Amino acid sequence: MVFRKRLLNSYWPLQCCVCRGSCLPLRQIDGNYYLVIKRIISTFAPLKPETRKAVDYLKEFVIPFIGLSTGNHRFSFLIDDKFFASFEEAEIGQAVVKVELDLNRMERMLVLNFSIKGSIRVTCSRCLGEFDLPVEGDEEFFVKFGDSYAEEDDNVMIIPERETHIDIAPLIYDYLHLMVPYRVVHPGDEHGVSGCDPEVIRHLDELSAEKEADHRWDKLKDINFE
């Protein structure tokens, strides 16, 4: 049985979510809009026959820090389709992302520094075509030792002294979903030409022109209601 208790900032629910919070306003970052949901997750996830392979696969993301000496330790992970298939309700289906983790083991704390780089398959909000969105970023997470599970901040978690392992799969899942903007469109080429499907764009332009040409309600503009 797996037990997790933590507070996440994300916009997609994780597997076996018992308690979900409410949507926060859209957050604008570097010109893109991100939908953020803050929720507390208290998860009891018994192994199911149909998900046993997924659970076995995710074991590689469980780090036994109890056997690590103080200092820095490096880990590498390749995130692909199999990773997201291991989570129910995952909105990302295809990806090729490399995650480098630098884990600094201290006496009373673990400092996790993630370096993330790769691409995620997304659906264009304009033409509904798929394309690979480049993603890259660094994240830092702190794990402190205490009497019981607690959330000190968005990136600070307290775990009991008796714990010997830490599962970083939910963190990677969360970080990658937050790297996808709320609205994505095909990037333009070196000449500024959109990568969207030209047939779809032509159809959208025709619909827009028809809407602008509809003058049936123009006379209502001249009515004085005073």
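Nothing in this text is a laboratory measurement; each read-out follows from the coordinates by a stated rule. It should be emphasised that the depicted structure is a prediction, and the values quoted were computed from it without experimental measurement. Cβ placement follows ideal geometry from the backbone for every residue including glycine, while neighbour counts extend to all protein chains displayed.
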Scalar couplings 3J(HN,Hα) for segment 84-93 by Karplus 6.51 cos²θ - 1.76 cosθ + 1.60 (θ = phi - 60°), nearest whole Hz, x for Gly and Pro, are 6, 5, 7, 10, 6, 6, 5, 8, 8, x
Taking R0 as 25 Å and r as the Cβ-Cβ distance between Asn113 and Ala150, the FRET efficiency 1/(1 + (r/R0)^6), rounded to the nearest 0.05, comes to 0.70
Separation of segment 148-188 and segment 106-132 by C-alpha centroid, Å? 11
D for segment 48-188, whole µm²/s, Stokes-Einstein with Kirkwood Rh over alpha-carbon pairs at 10 °C and 1.306 mPa s: what number? 96
